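Structure first, then comments.
The values are calculated or read from the model by the stated rules, or taken from the named source; none is laboratory data. Given the structure is predicted, the values throughout are model-derived calculations rather than measurements. A quick note on method: Cβ atoms are made from the backbone with ideal geometry, for glycine too, and the neighbour counts reach across all protein chains shown. Accessible surface is based on the protein model in full, side chains and every heavy atom, while ligands, DNA and RNA are left aside. Shrake-Rupley method; radii C 1.70, N 1.55, O 1.52, S 1.80 Å.
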Amino acid sequence: LTSGIGGNLISSVFVPYEATCGAGGPVYGLLGVVLVEFLQSYQVVIKPGIELIKLLSVIVLSLFIGTLPYLDNFANIGGMMFGVLSAYLFLPYITFGKFDYGRKVLQIIVAFYVNCIFIHSRICSVLY
């Protein structure tokens, strides 16, 4: 839900005179959530390097397809950004020791503040 709203918000900021609709933002938000889930639990994945390459190739190929005409790539990128930020805030995570716990708590705090600053700056730029 947040990635769909965020994607449409980003699209309306960067392309204000074009009405768009679709499920691109939420779909890319789910790709962002899968990326965060992989980064949070790569210790339990067999061959994490290969899996990361596969995931990043899907993301890059999808963003490349988004450059075709009549597709709103701003909504896709915004949906992915909001999906990554909301995944850091809302997904449960597994910790593997004290260092890993501290790293994940720091990621959550940074994601929260980045999300707040980004939303605040976008709303101020739209309203003023």
Subset of segment 39-87, residues modelled with pLDDT of 90 or more and of a type in the set (Asp, Glu), comes to Glu51
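Quick one: in segment 69-79, which of the residues that are assigned to a helix (DSSP H, G or I), open to solvent by 30 Å² or more (accessible area, probe 1.4 Å) and hydrophobic (A, V, I, L, M, F, W, C) is farthest from Leu1 (Cα to Cα)?
Looking at the filtered set, the residue picked out is Phe74.
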Per-region count, segment 13-25, residues farther than 14 Å from Leu71 by Cα and either small (Gly, Ala, Ser) or open to solvent by less than 80 Å² (accessible area, probe 1.4 Å) (or both)
1
How many residues are open to solvent by 80 Å² or more (accessible area, probe 1.4 Å) and under 15 Å from Phe74 (Cα atoms) when one looks only at segment 28-58?
0
Working only within segment 28-83, note down all residues that are in contact (Cβ under 8 Å) with a residue 60 or more places away in the chain and among the aromatic types (Phe, Trp, Tyr).
Phe74, Phe82
